[in-house]
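To start, the structure itself, in structure tokens.
Here, each number is a calculation from the coordinates, and none is a lab measurement. Note that the structure is a prediction, hence the values are computed from the model and not measured. Using ideal geometry, Cβ is built from the backbone for each residue, glycine included, and neighbour counts are taken over all protein chains shown.
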Amino acid sequence: MQKITIAIDGFSSTGKSTVAKQLAKHLGYVYVDTGAMYRAVTLFTMQNGWIDNNQFDVVALVSHLDAITINFQFNPKLGFAEVYLNGNNVEHQIRTLEVSSFVSKVAAIPEVRYQLVKQQQQMGKDKGVVMDGRDIGTVVFPYAELKIFMTASADKRAKRRFDELVSRGDEVDYEDVLRNVQERDYIDSHREDSPLVKADDAIEIDNSDLTLKDQFDKVLDLVTKTV
Ligand code: C5P
């Protein structure tokens, strides 16, 4: 079967990565979580003390972008690829609410986007890839054969993210998670460089009331109709 590029974009915590992982596994495709890459750059910035009490040293970050190496390594026990920052597994650290509260500011920096988009295009150059993020169908792969735009109510999304964080053992407050989801959506949709918008040719799926199985069946049906 001919391999295609599948771009999945949408608001925070819409379950993009869940469906993207399922799809990649089913099709034997590579899955790339681009949000994890922006999160890794954010973690690097925090580790270096360039984000502190809402002070953000953009100049320091931009001048050290070459010092950041991000890789994905498949973990057979988990069944998905984990994120490595400069050789260290940071899969857990990048998902904290602290990283979430800064990531959209880091992701709004054009130099950061330029570097990461280049790497993402390289990762998907041979097709057979499912990539999720905010600008995959608009900027990274504007010619992707299938583009999906996921949405769900803010409340449902915050509940999902809250459950995810609690199940990992993080102590979080639901209201903080909701605020973070709304804040990120606002910054992501209003930034100058590559704002989160639905590509004209993307198919929108609102999964507020869909089960995971219904959602997967729907997306797989779209893939079948595309290839
Ligand atoms: O997908 P996830 O919620 O982990 O993404 C974290 C953040 O990374 C988003 O809120 C957004 O600011 C940024 N992001 C982006 N472009 C992408 C993927 C993520 O700006 N392609």
Exercise. Can you give me the number of residues within the range 167-213 that are exposed (fewer than 15 other Cβ atoms within 10 Å of the Cβ), over 24 Å from LEU97 (Cβ atoms) and without any contact (Cβ under 8 Å) to a residue 12 or more places away in the chain?
Key: 4
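Quickly run through the range 127-159 and pick out the residues that are among the charged types (D, E, K, R), outside any loop (DSSP other than H, G, I, E, B) and crowded, with 19+ Cβ neighbours inside 10 Å.
ASP132, LYS147, ARG157
For GLN93, are the conditions met, namely being touching a helix residue (DSSP H, G or I) at 6+ places or on another chain (Cβ under 9 Å), surrounded by 16 or more Cβ atoms within 10 Å (Cβ to Cβ), more than 24 Å from LYS25 (Cβ to Cβ) and not acidic (Asp, Glu)?
It is true that GLN93 is touching a helix residue (DSSP H, G or I) at 6+ places or on another chain (Cβ under 9 Å), surrounded by 16 or more Cβ atoms within 10 Å (Cβ to Cβ), more than 24 Å from LYS25 (Cβ to Cβ) and not acidic (Asp, Glu).
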Exercise. Taking SER17 as the residue in question, decide whether it is closer than 27 Å to ALA154 by Cα, assigned to a loop (DSSP other than H, G, I, E, B) and within 14 Å of the ligand (Cβ to nearest atom).
Key: no
Quiz item: Could you say which residue among ASP188, ASP176 is within 28 Å of GLY124 (Cα to Cα) and assigned to a helix (DSSP H, G or I)?
Solution: ASP188
Practice problem: Could you check how many residues of the range 92-114 are assigned to a loop (DSSP other than H, G, I, E, B) and within 12 Å of the ligand (Cβ to nearest atom)? | Solution: 3
Quiz item: In the range 187-202, what count of residues is obtained for those that are within 10 Å of the ligand (Cβ to nearest atom) and in contact with a Ser or Thr (Cβ under 9 Å, 6 or more places away or on another chain)?
Solution: 6
